[in-house]
Amino acid sequence: MAKSNEPIFWSLFSAGGMIAALVLPTLMVITGLVIPHGFAPLDALSYERVHAVVSGSIVVKLVLFGVIALPFFHWAHRFKFTLVDVGLRKISLLLAVLCYGSAIAGTVFTAVVLWRI
């Protein structure tokens with residue numbers, strides 16, 4: 001049987017999909033509706049408060065890393081297979097390198113930014 005790295009990308013795809021489906025809508029409601037409409041204090045997401053929480057806890061950094069990085073892989077997997085289905089099957093390897101490479105670059109960038117906070 002040929003060895004494949006496909007299970008790794010499928011697991012990152014599914015984890016990113018779960019985050020995108022469950023966590024991101026909640027964050028969008030909190031930051032887009034709850035706080036701006038006065039259901040929570042306006043300074044709840046002030047720069048000083050958020051910076052203190054993020055810089056003070058490694059657990060918060062790890063959660064933010066997962067919430068930001070995993071949807072990159074979900075996007076990469078879905079976009080690659082969409083392009084293959086559209087008819088770009090001949091350059092599937094190039095698409096994989098570009099899509100997953102972009103997801104890896106976004107993940108590394110996220111890690112660097114969170115590490116410096």
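If the Cβ limit is 8 Å and pairs must be 6+ apart or interchain, which residue in region 98-117 that is over 10 Å from PHE65 (Cβ atoms) pairs with which residue that is of a type in the set (S, T, N, Q) and part of a helix (DSSP H, G or I)?
Final answer for the pair search is ILE117/SER55.
I'm told ILE58 meets every condition in (1) in contact with a Ser or Thr (Cβ under 7 Å, 6 or more places away or on another chain); (2) over 20 Å from SER11 (Cα atoms); (3) among the hydrophobic types (A, V, I, L, M, F, W, C) except one. Can you identify the failing condition by its number?
Every condition holds for ILE58 apart from (1).
For region 21-59, how many residues meet the condition of being touching a helix residue (DSSP H, G or I) at 6+ places or on another chain (Cβ under 7 Å), over 24 Å from ILE117 (Cα atoms) and part of a helix (DSSP H, G or I)?
0
Take LEU93 and decide whether it is free of Cβ contacts under 8 Å to residues at least 24 places away in the same chain, over 15 Å from ILE8 (Cα atoms), loosely packed, with under 13 Cβ neighbours inside 10 Å and within 16 Å of the chain's Cα centre (by Cα).
no
Given the condition under 18 Å from the mean Cα position of the chain (by Cα), of a type in the set (A, V, I, L, M) and closer than 23 Å to THR82 by Cα, answer yes or no: does some residue in region 23-41 qualify?
yes
Could you count how many residues in region 1-60 are surrounded by 12 or more Cβ atoms within 10 Å (Cβ to Cβ) and among the aromatic types (Phe, Trp, Tyr)?
The qualifying residues number 3.
Contact list please: Cβ distance under 7 Å, first residue in region 61-90 and surrounded by fewer than 16 Cβ atoms within 10 Å (Cβ to Cβ), second residue of a type in the set (S, T, N, Q), pairs at least six apart or on different chains.
These pairs meet every condition: VAL84/SER92.
Taken together, the values in this text are just the output of simple stated rules run on the coordinates, not laboratory data. Quantities reported herein were computed from a predicted structural model and do not represent experimental measurements. For neighbour counting, all protein chains shown are included, and Cβ atoms are generated from backbone atoms with ideal geometry for every residue, glycine included.
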